[in-house]
């Protein structure tokens with residue numbers, strides 16, 4: 001079977017097509033026409049910024065849908081260090097969510113998505129710090145790689161490279177790296193190892209996507225010299241979509257739900273500005289591609305292809321697009337002879353999609369099961385149907401990963417379905433399905449990726465692909481489809497999931513951190529899931545000898561795939577303070593399995609699973625507490641309630657709508673979750689009830705909120721105003737401003753040691769102003785900044801205590817940071833005595 005397309009490139013593009021819950025894309029006539037229009041533009045734009053939700057979807061959509069240029073967003077990170085408004089996932093798992101949200105946004109605004117290996121380690125105040133933690137040379141090489149592989153004519157930076165220290169260090173760094181890579185990508189002496197897989201490239205020009213925001217206010221921007229800028233009215237209307245560009249952009253931006261970006265659409269004229277930075281000067285300031293031939297004449301041998309496609313565009317038949325098939329396949333055949341490999345690969349894929357749509361071809365490879373393990377045999381159901389009068393034959397099928405070829409030679413007659421079953425035996429060396437950037441342990445600032453060709457890709461490739469060898473009007477074509485799992489749910493209808501390869505067994509515990517604060521033993525349960533039938537083995541826990549675990553092992557015998565068995569172990573901590581990790585290991589036929597399967601399932605992004613090392617942190621610490629019953633008002637999502645249970649508190653979740661004086665009086669303390677006052681509208685009306693609870697002797701702890709989007713400005717019974725103050729350095733020195741205050745002394749003596757081993761940051765969004773009723777407890781600051789006193793404020797109100805804290809307990813608790821637990825216990829114990 002003749003290979004017509006570079007399979008590696010096709011698989012990468014195939015992975016990008018499998019974004020929205022793996023549902024096959026079925027183009028209508030308007031979408032086919034738009035695809036033909038894009039076929040006739042050979043120009044490309046790379047937009048560069050630091051995080052998911054940094055991108056300007058208005059400009060990306062305008063370039064992709066109005067200019068019709070191939071447009072991509074290079075996000076330096078996956079946003080792993082941000083907050084999560086929709087669930088408890090943080091760090092790597094949050095990065096998975098935000099990756100899919102970016103892909104969802106691109107599927108709407110028409111762009112593509114790229115990344116580097118940089119890890120979003122949290123807020124950074126200066127690019128010097130950012131580039132040190134990221135490993136500048138490595139991230140710069142990734143930006144060079146992105147330019148060399150995407151080959152943009154134009155680069156647009158979201159941020160200003162000339163203003164270090166004025167905004168997030170990641171933001172400025174993204175612009176600095178992009179500007180530097182603009183020159184380096186054409187130099188063969190720079191990262192020569194990349195040239196095994198790609199070629200050097202010099203973009204024509206680079207811009208900065210400026211706006212009034214970068215000038216402080218609109219008045220300053222009005223006065224600014226704009227002679228070096230290009231202006232776009234990005235409010236254009238697209239009749240084929242029935243939407244304006246701004247509406248498309250707003251819908252795309254609203255995919256960033258975990259960051260709270262859901263917003264109203266808007267319409268009407270709106271200008272965007274880009275400032276020329278470097279490259280070939282513009283003669284025509286109205287055209288970003290000035291001097292760049294974006295027609296088919298750009299490439300040798302492309303003129304003949306362009307003539308055919310331009311004719312199709314000019315005379316497109318919306319009611320019967322299949323009439324264009326003979327010309328489309330002729331154009332495809334001519335395209336295979338052009339010398340420019342880059343554009344040949346890109347436009348071949350685009351042309352194949354148009355041919356497939358015009359023919360009403362539906363090609364699917366669906367596994368009968370959602371998952372398999374190496375050496376399993378799976379049934380793959382093939383469906384092929386031609387819904388046109390064109391002469392189409394399914395010559396054969398090819399399983400790429402298994403090198404298995406089947407000749408079918410089946411004519412596909414109009415609307416007559418062809419079904420076929422393949423039996424595929426999974427090779428024993430097949431890798432497991434998981435996020436490629438999480439396979440190896442990286443550093444604080446960088447993910448480790450061994451395969452150069454994977455760097456920058458948004459996702460791992462699907463586990464398996466089927467190549468459909470199709471003859472259309474006598475011309476052989478290859479269309480690649482990932483193997484998916486298709487099923488139905490009574491309440492949702494037809495659903496798709498990725499087909500995945502899993503280890504024989506996965507093992508997990510719901511306890512990610514266990515705190516031991518006295519001599520009592522604790523029990524922990526581990527669930528072993530069989531991912532194939534009839535697994536037999538042993539379950540043991542890897543641990544240091546000073547921790548006693550019993551029993552030493554369990555026999556594991558699970559006959560049915562997807563079944564689980566739970567095994568309970570007893571843990572006795574050492575007498576002295578200690579921290580370690582408990583790692584479960586399932587031994588089957590001499591192989592050790594110790595990974596946990598984590599499922600991420602939100603309605604706005606595709607279902608996904610990830611395999612991570614299963615482990616539980618064990619912490620023996622000396623901690624005392626007062627009070628017992630805590631009421632918790634959930635905010636944007638955290639694991640603080642579960643963490644408080646670890647140190648012996650009973651925690652009840654309070655429905656904000658049910659808050660009343662009678663309900664609250666039973667609690668020893670009330671705690672509000674992170675961003676509760678940004679996300680819980682009911683708190684607008686319940687504040688006075690909470691203040692009355694404090695006045696009568698209660699204890700209210702309010703965790704951090706952002707200063708914008710508050711449901712009420714009355715956060716406290718006294719004047720309190722939030723700021724954007726934060727301390728990003730998790731090792732920043734901490735000064736005790738009120739060393740004799742009870743919160744630092746009872747029931748636990750808090751010392752500098754309790755601020756060791758904090759993760760990602762000290763805290764964020766501290767109050768900037770407060771009344772004299774508050775006592776500032778701590779001072780801390782990042783390098784070269786003045787001390788910030790608002791991280792922990794305590795005020796007595798009547799008989800009780802009100803506490804506001806921007807300290808990032810929501811990050812420290814899941815990491816088992818001892819001092820964070822001890823300090824929070826003191827906050828909960830305010831006003832209590834040993835007799836309470």
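The values are calculated or read from the model by the stated rules, or taken from the named source; none is laboratory data. All values reported here derive from a predicted model rather than from experimental measurement. We place every Cβ from the backbone using ideal geometry, glycine too, and count neighbours over all the protein chains shown.
Note on the range 460-483: among residues that are assigned to a loop (DSSP other than H, G, I, E, B) and touching a strand residue (DSSP E or B) at 6+ places or on another chain (Cβ under 7 Å), the one that is surrounded by the most Cβ atoms within 10 Å (Cβ to Cβ) is 464. One residue is enough: does the range 443-459 have a residue meeting the conditions without any contact (Cβ under 8 Å) to a residue 12 or more places away in the chain and surrounded by fewer than 18 Cβ atoms within 10 Å (Cβ to Cβ)? So far as the range 443-459 goes, yes, one or more of its residues are without any contact (Cβ under 8 Å) to a residue 12 or more places away in the chain and surrounded by fewer than 18 Cβ atoms within 10 Å (Cβ to Cβ). Scanning the range 62-83 for residues that are crowded, with 24+ Cβ neighbours inside 10 Å and under 15 Å from residue 261 (Cβ atoms), we see that the one that is nearest to the chain's Cα centre (by Cα) is 79.
A single entry from 666, 721, 749 fulfils the requirement of being at pLDDT 95 or above, in contact with a strand residue (DSSP E or B) (Cβ under 9 Å, 6 or more places away or on another chain) and farther than 18 Å from residue 803 by Cα: 666. Being exposed (fewer than 15 other Cβ atoms within 10 Å of the Cβ) and within 24 Å of residue 118 (Cβ to Cβ) is a description that applies to residue 189. For the range 527-543, the count of residues that are without any contact (Cβ under 8 Å) to a residue 24 or more places away in the chain and either out of contact with any helix residue (DSSP H, G or I) (no Cβ under 9 Å at 6 or more places or on another chain) or not assigned by TED's automatic domain parsing to the domain that holds residue 378 (or both) is zero.
Residues in the range 413-436 that are surrounded by 17 or more Cβ atoms within 10 Å (Cβ to Cβ) and in contact (Cβ under 8 Å) with a residue 40 or more places away in the chain: 422, 424, 426, 430, 432, 433, 434, 435.
Among the residues of the range 616-634, those identified as in contact (Cβ under 8 Å) with a residue 40 or more places away in the chain and either assigned to a loop (DSSP other than H, G, I, E, B) or surrounded by fewer than 18 Cβ atoms within 10 Å (Cβ to Cβ) (or both) are 617, 621, 622, 623, 624, 625, 626, 627, 628, 634. Residues in the range 165-179 that are within 26 Å of residue 57 (Cβ to Cβ) and without any contact (Cβ under 8 Å) to a residue 60 or more places away in the chain: 166, 167, 169, 172, 176.
Of the residues in the range 228-247, at least one is in a loop (DSSP other than H, G, I, E, B), out of contact with any helix residue (DSSP H, G or I) (no Cβ under 9 Å at 6 or more places or on another chain) and in contact (Cβ under 8 Å) with a residue 24 or more places away in the chain. Within the range 437-449, the set of residues being in contact with a helix residue (DSSP H, G or I) (Cβ under 9 Å, 6 or more places away or on another chain) and more than 15 Å from residue 595 (Cβ to Cβ) comprises 437, 443, 444, 445, 446, 447, 448, 449. Contact annotation: residue pairs with Cβ atoms under 6 Å, 6 or more positions apart or on different chains, pairing a residue in the range 635-647 that is over 21 Å from residue 711 (Cβ atoms) with a partner that is part of a helix (DSSP H, G or I), are 639/814; 643/813; 647/821. The set of residues in the range 124-150 being assigned to a loop (DSSP other than H, G, I, E, B) and surrounded by 21 or more Cβ atoms within 10 Å (Cβ to Cβ) consists of 124, 125. Checked against (1) within 27 Å of residue 688 (Cα to Cα); (2) surrounded by 15 or more Cβ atoms within 10 Å (Cβ to Cβ), residue 769 passes all but condition (2). I'd like to check something: does the range 150-163 contain any residue that is closer than 23 Å to residue 807 by Cα, in contact (Cβ under 8 Å) with a residue 24 or more places away in the chain and not assigned by TED's automatic domain parsing to the domain that holds residue 346? Within the range 150-163 (the criterion being closer than 23 Å to residue 807 by Cα, in contact (Cβ under 8 Å) with a residue 24 or more places away in the chain and not assigned by TED's automatic domain parsing to the domain that holds residue 346), the answer is no, since none of the residues qualifies. Go through (1) under 15 Å from residue 64 (Cα atoms); (2) over 26 Å from the mean Cα position of the chain (by Cα); (3) crowded, with 19+ Cβ neighbours inside 10 Å for residue 236 and report which single condition fails. The failed condition is (3).
Annotation: of all residues in the range 699-737 being farther than 23 Å from residue 782 by Cβ and under 27 Å from the mean Cα position of the chain (by Cα), the one that is surrounded by the fewest Cβ atoms within 10 Å (Cβ to Cβ) is 709. Looking at 798, 768, which one is out of contact with any strand residue (DSSP E or B) (no Cβ under 9 Å at 6 or more places or on another chain), in the same structural domain as residue 691 (by TED's automatic domain parsing), over 29 Å from residue 618 (Cβ atoms) and modelled with pLDDT of 95 or more? Exactly one of 798, 768 is out of contact with any strand residue (DSSP E or B) (no Cβ under 9 Å at 6 or more places or on another chain), in the same structural domain as residue 691 (by TED's automatic domain parsing), over 29 Å from residue 618 (Cβ atoms) and modelled with pLDDT of 95 or more, namely 798.
Quick one: is residue 86 out of contact with any strand residue (DSSP E or B) (no Cβ under 7 Å at 6 or more places or on another chain), touching a residue at least 40 places away in the same chain (Cβ under 8 Å), in a loop (DSSP other than H, G, I, E, B) and surrounded by fewer than 22 Cβ atoms within 10 Å (Cβ to Cβ)? Spelling it out, residue 86 is indeed out of contact with any strand residue (DSSP E or B) (no Cβ under 7 Å at 6 or more places or on another chain), touching a residue at least 40 places away in the same chain (Cβ under 8 Å), in a loop (DSSP other than H, G, I, E, B) and surrounded by fewer than 22 Cβ atoms within 10 Å (Cβ to Cβ). Contact annotation: residue pairs with Cβ atoms under 8 Å, 6 or more positions apart or on different chains, pairing a residue in the range 108-128 that is at positive phi and modelled with pLDDT of 90 or more with a partner that is surrounded by 24 or more Cβ atoms within 10 Å (Cβ to Cβ) and not in a helix (DSSP H, G or I), are 110/71.
Can we say residue 300 is crowded, with 17+ Cβ neighbours inside 10 Å and more than 24 Å from residue 496 (Cβ to Cβ)? No. Go over the candidates 397, 351, 363, 375 one by one and state the one that is in a strand (DSSP E or B) and either touching a helix residue (DSSP H, G or I) at 6+ places or on another chain (Cβ under 8 Å) or at positive phi (or both). Sole residue among the options that is in a strand (DSSP E or B) and either touching a helix residue (DSSP H, G or I) at 6+ places or on another chain (Cβ under 8 Å) or at positive phi (or both): 363.
The rows are residues; the columns are (1) touching a residue at least 60 places away in the same chain (Cβ under 8 Å); (2) over 30 Å from the mean Cα position of the chain (by Cα); (3) part of a loop (DSSP other than H, G, I, E, B); (4) under 30 Å from residue 579 (Cα atoms).
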| site | (1), (2), (3), (4) |
| --- | --- |
| 739 | no, yes, yes, yes |
| 760 | yes, no, yes, yes |
| 768 | no, yes, no, no |
| 775 | no, yes, no, no |
| 779 | no, yes, no, yes |
| 786 | no, yes, yes, no |
| 801 | yes, yes, no, no |
| 810 | yes, no, no, yes |
| 813 | yes, no, no, yes |
